[in-house]
Structure formats: C-alpha cells, structure tokens
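Just so you know, all these numbers are worked out from the coordinates, no wet-lab data involved. As the structure is a prediction and not an experimental result, all values here were calculated from the model. With ideal geometry, Cβ positions are generated from the backbone for all residues, glycine too; neighbour counts draw on all protein chains shown.
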C-alpha cells in the first residue's frame, strides 16, 4: 500500500459533537482527497487539496471542513456531527495533476449516534 | 462529466479470465479511463488506466475500443482473492485536481 495512514480507524460519537479525522501520507504527494462511502451512493468526494493551505470543495462538502498545514497531513472536520454523516471515510493521494492514479487509505468508520 | 455504465454483478470461475465491461459513450478525447477495485472493508485499489491504447500491467489488461466509447478490464487468471467490486471511472478534467467520480461498480464473484 502507498504510505497512507488514516486515524482513527473506528469512531463512535454523539450528535452535535465535533469530530476530526486525520490522513497522514509519507509519499510527499501534492494532492490529497477525502471521500465518503455509503451504500447505494458509492464513493463521493467531500473536499480535496492541491497543496499546503490550498483546498476546494467536492460534491458533498456541506457540514465538512478541511485543513492542510503540512504536505503530509490532511484533516477532515465535522464541526457538529449529524447521523447523516455516519459513513466510511477514505483519504486518497496523488502525485500530480496529470493522469497519476489516486491511492487510497484503508478508511475510517464513523458512527454518529 | 463523462459517466460510466457497468453491469452490477458478474461471476467467473477460478483460473479463468474475467472480462469486465464498461461503457463510457460520452467520454472526451483527453479523458482517461481508470479501473479500481475494492475488497470488502478496504480502500479502493488502483489497477490500471489508459487513454487510447491497450494497456497491460502485472495485475490486468485494459482494452479500449477504437471509438473509446467502451472498455474491458481483463484479469487473465482469476483467483478467489479477486472477488471484489470493480469500478470503471473516467477522469474528470478541469480545475486543479484529477479528482475521480466513482459509480456503483461491478461485483465480481470468483467461484471455486
């Protein structure tokens, strides 16, 4: 696997609490992505980053924010978790804007009760 | 954005070639076709990608039709460990990223 570590791997939290998921890479890749995966919807892009402090929204960004203060770390924050954000979250990285493939981490399973 | 169409499921006998089809009739001339697979509870795994020519690597072969409206992923000798959901994806151009838009994929079941 590409050097991608997601933490935590599993988390249960209550509605209304803030949650931060971390993606750490050791590949020095410029691009990083957060996806969520839900039954019937496949993988959907939440936010992505094209460099340190450079981020943009994906197709399902409402309720999420991200930060990237270092090349190796990309944080996804749920400011006030809701039950609809119960999902499996995947981080991905890619080297450049060309046809370089994305490589995915093994995911974080988040349950909001 | 170019969309892809895949059959929801397929079966394949162990040791035989698995041929997974994908239609992408609205693909643009500079859009790549990517294939990923996802084994239960793991992150998607990159398999192969191509633009116009057929491609082969240690995992699979990718055959793209001349008009680029469809492609086939070939696993030459399927094993039980190849049982997974396979995604055919067209790379979205534009913006500052090569973000991928996933569909619902094909569940390949390799039978012993």
Completion exercise
Each residue of B:100-109 has, on average, a number of other protein chain C-beta atoms within 10 Å of its C-beta equal to 3
Practice task
Starting from the alpha-carbon convex hull of chain A, give the projected area averaged over all orientations, in nm².
Solution key: 6.5
Completion exercise
Here the protein assembly as shown gives, from Cα atoms, an Rg and Dmax in Å of 17.6, 53
Practice task
Could you work out, residue by residue across B:37-43, how many beta carbons of other chains sit within 10 Å of that residue's beta carbon, and then give the average as an integer?
Solution key: 5
Exercise for the section: Can you pull the one-decimal nm distance between simple spin-label points at residue A:69 and residue B:56, each 7 Å off the Cα toward Cβ? Expected result: 5.1
Handout entry: Point-to-point label distance, residue B:42-residue A:38, nm (Cα→Cβ direction, 7 Å offset)
Key = 2.7
Practice task
Shielding by partners for A:36-46, please: the mean number of other protein chain Cβ atoms within 10 Å of each residue's Cβ.
Solution key: 3
Completion exercise
Normalised Cα Rg of chain B, dividing by 2.2 N^0.38 Å with N its residue count, works out at 1.02
Exercise for the section: Using a 10 angstrom cutoff on alpha carbons, build the Gaussian network for chain B and name the most mobile of B:12, B:88, B:22. Expected result: B:12
